[in-house]
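FYI, it's all coordinate maths here, none of it is from the lab. Predicted model, so just to flag it, every value in this text is computed and none were measured. In this analysis, Cβ positions are derived from the backbone assuming ideal geometry, glycine residues included, and neighbour counts consider all displayed protein chains.
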Amino acid sequence: MPTLRPRVVGFIFLVATAILGSGCRDDTAIRVFAASSLQDVLPAILDSYAETDDGVTFEVQYGGSQALATQIELGAEADLFLYANPQQVERLTTQDLVSAQRPLVTNSLVVVLRSGAPIETFADLGRPGLRIAIGAPEVPVGALTQRLLAALDPALAAAIRANVVTEDPNVRVALSRVDLGEADAAFVYRTDAATVSDLAILDLPVAVAPNQYVGAVLRDADPDAAVLLDFIAGPVAAPIWRSAGFAVPGTP
Amino acid sequence: MTARGRNWWVIPPVLFGLFFLLPLVGLAWFAITDGDVAAELGSSTTWDALRLSLLTATFTLVLAVVLGTPLAYLLAASEAGWARLTATLLDLPLVLPPVVSGIALLTVFGRRGYLGDPLAEAGVTLSFTTAAVVLAQLFVAAPYYVRAAYAGFSAMDPRFEGVAYTLGLSRWRTFRSVTLPLVWPALAGGAVLCWARALGELGATLLFAGSLPGRTQTMPLAILSAFESNAGLAGAVSIAVILVGFALVLMVLLHRLSTPGGAYR
Amino acid sequence: MTLHASFQGCAGDFAYDIALAAEHELLVLYGHSGAGKTMALRSIAGLARPDSGTIEIGGRTVFDSAAGIDQPPQQRRTGYVVQEVALFPHLSVERNVLIGVEGSTEARARWGRLRDALHLGGLDNRRPHELSGGQQQRVALARALVRPVDVLLLDEPFSALDDALRADLRTELKRLQREFAVPVVFVTHDLREAHLLADSVAVIDDGRILQLAPRDEVFRRPGARRVAELTGVRNLFAATASGDRVTVEGLELRLPANGLSGPVDLGIRSERCNLRRFDPDEPPPPNCFVGRLVEDLAFGNTHTLRFEPDGVGPRIEVEVAARPYEVLDVPSRNRWVIELPPDDLLVMPQS
């Protein structure tokens, strides 16, 4: 019976994220599972790595950190796992599926505004009648948003909560609400906000711990995976990370 | 048995049946061993989502039947090219990925959609409301009903109605007493499909209606959220099993309805 | 009760021009499939709409394109029976019959009479699929007659039944028609059925009524070659008429005066031709010619014989009953004298 589970998972996963990893299996490729929020930056980093190691190939699958972790747990084969949700993937470590891991970059929360939305300052988000999209509390961006709301003036936090019209299971969906004009504001990662050019961005009034990305080399991984992880965390990749909106620790 | 030889032909259908049965058994088994169905049954989020799902799917079905039956009848009765074209167009939502259907709905009913301004002026806001959930389900699921009803009406010999008219029965009385009973199995089958599809609708609902517990978070969206939570797969599967359980009971009831005791043949 | 209908129209690329009339009689609308029989019935019933013309049922104008009258089928008081969809499959016999007239005591009384007349006692609660084919058609007839109707329209109602049942139903239909004094238009493509049932026959071909006349007239004096063909005349020739003489393939035949002269169509039914032994010493009598037997097909109680002329005369098909066939010992000889009796010759204006 356990052999059936990946199929069940795969089905839910595909429907849920609508992200399809496909292509033929390549034995020599480094298999990377990456959080979907890395979709815009990781290809550039991998290209850059490929210049240093001629002939290396990659097989990258993007998805929610949690979904990918579940897949690995259920036997999906991967060498490197880049994820956005340290608390929630602890299970992999406890199940001895991870051989090494290191922190990579952080991603902070911002508020994006619909063009023409009647919002000037952060406090305006509490004005009645606005429509605000946030991530579901279960997903990292939603958890971060909840931490932010908890750190705000309770009255403002309550007013903002009253304006929430959707708790999206995916940060890109939340972003699209504003992009499509359906919502007036959305709490999203700075990196996601950077993918849409003409949106106004509000910075946060209080500091909350940003979202930490972690890279993990998985058990029985291709030896090249550790080298690749070093490169991803190293100085060559840092400017690529920063240009995409990520903060790289130890640099300004 | 020996005289007829061995019935080897039954093997493929049995395997095919298992192909459907085993994943469902696997799901249930996984929910029992790894999940916590009891905890999810005690969760108000689950009940909110379940109630919302049953409510919206049923309302969707009612709308599909009330609006779709005359449409299917009209299309089946007309031999004009536009009728066949419309019947084909109605199949399109079956092909569209639901997420695309959600976007399609936004282009019309969204705040910036073609009807956005007139709707806003009329004081109607659709997106992020329960009504939007119903509209999304209707767009995705109603074609299943209309398709089945269209096939049913098309298959019926129109001379039954002709005879009824000559017997003095009005059009409405003929439809009620002759046409409807004759196509009833097709309509009921389509209704079950429509309701089931509405119950499982995810993509279009997420895009068009959003996901807010109690208002727009239906069971599939709750499952998706649970999947992302610490409970992960186990939580998602536990809720899924509850949904499947309820759906099973209601489908059995609907099937009863579709083959009433008064059935002929 | 009368029916007068004259209407024209098009269904797709099929054009039709129908003229029908029936008094208290059974009018058989006879033609091949695709000739427009069903279209004609549907137009009278109000289920199809002609482009122009008038239809009168029982003295009421139910359709008149010029006056803008087009009554719906519900008001036309027609009884309409179709073979394939005779009964509503989901309703019991009684509910089938009484649908639409449930509250009427008069209808119930008529149903009582019809139930006895059509031997349908004890079947009230049966479903159509529990009835035999003959019972289904009887119930359909009862349903058509249970409300007062001004014309009964029957579209090949017995075509799926076996011969014995058809014979019974024909008898019952004739009886009902007299009892209810209602004109009946009976559509069939079966020549024998037309012959057995009809008071009058309307021969329809390619959307047009070719001839409408009392049965015997249609069969004995077809108005045109096509009518003769459709009514089973196997021997049809081009001929030249002159007074009481007609010449076909060099053979001169006498016939009763008919007023036609010049080119005509000449026909004779194969069963109307007589066969005589050939005697080389005796010259052929009038209206006779010598033929050589070229084909002999046995059909049980009849034989169909084909002859080639030996000298002047047409090729001809002769039908002989089994008894005279044996008495004459047809296979024993090759040459025969074929007689075409004057009274059986059909002369029609050439088409």
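Tabulated results
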{"quantity": "Nitroxide proxy distance, nm - points 7 Å out along Cα→Cβ at C:Arg254 and C:Leu297", "calculated": "3.4 nm"}
{"quantity": "For C:Phe278, residues with placed amide H under 5 Å, excluding near neighbours", "calculated": "C:Val337"}
{"quantity": "Local electrostatic count at C:Val151 - Lys and Arg +1, Asp and Glu -1, tallied over other residues with Cβ under 12 Å", "calculated": "-1"}
{"quantity": "Principal axis box of chain B, alpha-carbon based, largest edge first, Å", "calculated": "76, 67, 30"}
{"quantity": "Residue among A:Pro239, A:Pro169, A:Leu199 farthest towards the positive dipole end of the range A:164-252, charges placed on Cβ", "calculated": "A:Pro239"}
{"quantity": "Ellipticity estimate at 222 nm from DSSP helix runs (n ≥ 4, -39,500 (n - 2.57)) divided over chain A, nearest 500", "calculated": "-10000 deg cm²/dmol"}
{"quantity": "Residue range of chain A that is longest and free of GluC sites (Glu not before Pro) which are both DSSP loop and sparsely packed (at most 16 other C-beta within 10 Å)", "calculated": "A:121-252"}
{"quantity": "Order of C:Arg166, C:Arg143 - criterion: other Cβ atoms within 10 Å of each residue's Cβ, fewest first", "calculated": "C:Arg166, C:Arg143"}
{"quantity": "222 nm mean residue ellipticity, helices alone, for chain C (DSSP H n ≥ 4; -39,500 (n - 2.57); rounded to 500)", "calculated": "-7000 deg cm²/dmol"}
{"quantity": "Theoretical ellipticity at 222 nm over chain B - DSSP helices of four or more residues, -39500 (n - 2.57) apiece, nearest 500", "calculated": "-24500 deg cm²/dmol"}
{"quantity": "Sorted by Cβ neighbour density within 10 Å, fewest at the top, the residues B:Val183, C:Val233, B:Val133, B:Val62", "calculated": "B:Val62, C:Val233, B:Val183, B:Val133"}
{"quantity": "Over chain C, relative contact order from alpha-carbon pairs under 8 Å, at least 6 apart, %", "calculated": "17 percent"}
{"quantity": "Contour minus Cα-Cα distance for A:Arg219 and A:Ala155 (0.36 nm per residue)", "calculated": "18.2 nm"}
{"quantity": "Inter-part distance where the range B:115-139 and the range C:130-173 are each reduced to a Cα centre, Å", "calculated": "57 Å"}
{"quantity": "Cα long-axis angle, helix A:140-151 against chain A (0 to 90 degrees, to the nearest 10)", "calculated": "40 degrees"}
{"quantity": "Net +/- balance of residues flanking C:Arg95 in space, Cβ distance below 12 Å, scoring K and R +1, D and E -1", "calculated": "0"}
{"quantity": "Peptide C:109-120 - average C-beta neighbours from other chains (10 Å radius)", "calculated": "0"}
{"quantity": "Mean Kyte hydropathy of 1.0 or more with a Cα span along the axis of at least 27 Å, helices from DSSP in chain B", "calculated": "B:11-33, B:44-77, B:130-155, B:180-200, B:232-258"}
{"quantity": "Fewest-first sequence of C:Cys10, C:Cys288 by Cβ atoms within 10 Å of each Cβ", "calculated": "C:Cys10, C:Cys288"}
{"quantity": "Rounded FRET efficiency, nearest 0.05, which uses the C-beta distance separating B:Trp172 from C:Asp279 and R0 of 56 Å", "calculated": "0.10"}
{"quantity": "Between 0 and 90°, nearest 10: helix C:133-145 axis offset from chain C longest Cα axis", "calculated": "60 degrees"}
{"quantity": "Residue-count net charge about C:Asp163 - beta-carbon cut-off 12 Å; Lys, Arg +1, Asp, Glu -1", "calculated": "-1"}
{"quantity": "Label-point separation, C:Asp310 to A:Ser115 (7 Å along Cα→Cβ), nm", "calculated": "10.7 nm"}
{"quantity": "FRET efficiency, B:Leu21 to C:Ala160 (Cβ-Cβ, R0 60 Å, nearest 0.05)", "calculated": "0.85"}
